Amino acid sequence: MELRGAFPEEFRSQLDLLMRLRRDVRRFRSDPVEEAVLMRCLSAIQLAPSVGLSEPWRILRVESETARASALKNFEAANAQALTGYSGEKAERYAELKLSGMRDAPVQLAVYCDDETTQGHGLGAATMPEMRRYSVVTAITLFWLALRAEGLGLGWVSVLDPQQLNRDLNAPKGWQLIGYFCIGYPERLSDTPELEETGWESRMADLPLETR
Ligand SMILES: Cc1cc2nc3c(=O)[nH]c(=O)nc-3n(C[C@H](O)[C@H](O)[C@H](O)COP(=O)(O)O)c2cc1C
């Protein structure tokens, strides 16, 4: 492997483009994802930073009809419950949002953090055990970018009852759900978050940055 300092300008602008064109995807085409491509993207997870080098990421591939049906039912119930938290125009808007691609996505993964792992010998996690979960989130980010670079989309689904999902997927004790992920080729490409396109929310103009 060639070790280098700064990467060339052309690479940096491509990296910037990749980050700008990463999207949360909820609308998928039905074409399958080649196993080798999926595995290549998943291997990006192993490049992620983790507290104490604990590598606490654990992945359940959700493949069976039963498992997918229970996850979809879980999402639909949680989404209906979330809708009750809004009223008036916001409720109408919420009801129109598409917040998961679980009906169509050819690949679906439940990603967990093993909160009981002994790997890393607890380094860095003694005062803030949630750092293990943050480690898994960093890994998801790398996976997300690797997928996008291959033309694939990822949709993060968090509107779920995690305990119910853990029971339905028979997740090992001590595993904490980080998210349910839908993966496949996106129906369309965009440089703008869907929640911005629909008028639900817009991105901040400036980075909140203060000096002390
Ligand atoms: C932790 C996390 C949880 C999310 N959960 C959901 C979700 O349940 N449903 C959904 O449609 N999008 C979900 N998203 C996607 C966000 O809505 C999306 O990232 C944001 O609107 C910005 O859009 P972009 O990712 O296309 O830039 C989640 C994103 C993150 C980081």
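For region 155-212, which residues satisfy the criterion of being surrounded by fewer than 18 Cβ atoms within 10 Å (Cβ to Cβ), in a helix (DSSP H, G or I) and without any contact (Cβ under 8 Å) to a residue 40 or more places away in the chain?
Gln163, Arg167, Glu196, Glu197
Looking at Phe11, Phe7, Phe28, Phe75, can you tell me which residue is among the aromatic types (Phe, Trp, Tyr) and in contact with a Pro (Cβ under 9 Å, 6 or more places away or on another chain)? Give the derivation first.
Values: Phe11 fails: in contact with a Pro (Cβ under 9 Å, 6 or more places away or on another chain); Phe7 fails: in contact with a Pro (Cβ under 9 Å, 6 or more places away or on another chain); Phe75 fails: in contact with a Pro (Cβ under 9 Å, 6 or more places away or on another chain).
It is Phe28.
State the number of residues belonging to region 149-158 that are farther than 14 Å from Val107 by Cα and either among the basic types (Lys, Arg) or within 12 Å of the chain's Cα centre (by Cα) (or both).
Step one: filter region 149-158 for residues farther than 14 Å from Val107 by Cα, giving 149-151, 158.
Filter again for either among the basic types (Lys, Arg) or within 12 Å of the chain's Cα centre (by Cα) (or both), leaving 158.
So the count comes out to 1.
Identify the residue in region 1-29 that is in a helix (DSSP H, G or I) and among the basic types (Lys, Arg) and, among all such residues, is farthest from Tyr134 (Cα to Cα).
Filtering region 1-29 for residues that are in a helix (DSSP H, G or I) and among the basic types (Lys, Arg), the one farthest from Tyr134 (Cα to Cα) comes out as Arg12.
Test Glu196 against the criterion of being touching a helix residue (DSSP H, G or I) at 6+ places or on another chain (Cβ under 7 Å), farther than 21 Å from Val111 by Cβ, within 12 Å of the ligand (Cβ to nearest atom) and at pLDDT 95 or above, and give yes or no.
Spelling it out, it is not the case that Glu196 is touching a helix residue (DSSP H, G or I) at 6+ places or on another chain (Cβ under 7 Å), farther than 21 Å from Val111 by Cβ, within 12 Å of the ligand (Cβ to nearest atom) and at pLDDT 95 or above.
How many residues are within 16 Å of the ligand (Cβ to nearest atom) and on the phi > 0 side of the Ramachandran plot if we restrict to region 1-56?
Residues that pass the stated criteria total 0.
Please indicate, with yes or no, whether at least one residue in region 16-34 is more than 28 Å from Leu165 (Cα to Cα) and basic (Lys, Arg).
Quick first cut of region 16-34, residues more than 28 Å from Leu165 (Cα to Cα) only: 16-21.
Filter again for basic (Lys, Arg), leaving 20.
Checked against the condition, which is being more than 28 Å from Leu165 (Cα to Cα) and basic (Lys, Arg), region 16-34 yields at least one hit.
Can you name every residue in region 30-77 that is in a helix (DSSP H, G or I), in contact with a strand residue (DSSP E or B) (Cβ under 7 Å, 6 or more places away or on another chain) and within 22 Å of Glu116 (Cα to Cα)?
Residues of region 30-77 in a helix (DSSP H, G or I): 35-47, 51-53, 65-77.
If we keep only those that are in contact with a strand residue (DSSP E or B) (Cβ under 7 Å, 6 or more places away or on another chain) as well, we get 38, 45, 68, 71, 75.
The answer is Ile45, and nothing else.
Residue-wise test of (1) part of a loop (DSSP other than H, G, I, E, B); (2) within 13 Å of the ligand (Cβ to nearest atom); (3) free of Cβ contacts under 8 Å to residues at least 40 places away in the same chain.
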residue	(1), (2), (3)
Lys90	no, no, yes
Lys98	yes, yes, no
Val111	no, yes, no
Gly120	yes, no, no
Gly124	yes, no, no
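The values are calculated or read from the model by the stated rules, or taken from the named source; none is laboratory data. All of these numbers come straight from a predicted model, not from anything done at the bench. Heads up, the Cβs are rebuilt from the backbone with ideal geometry, glycines too, and the neighbour counts pull from every protein chain shown.
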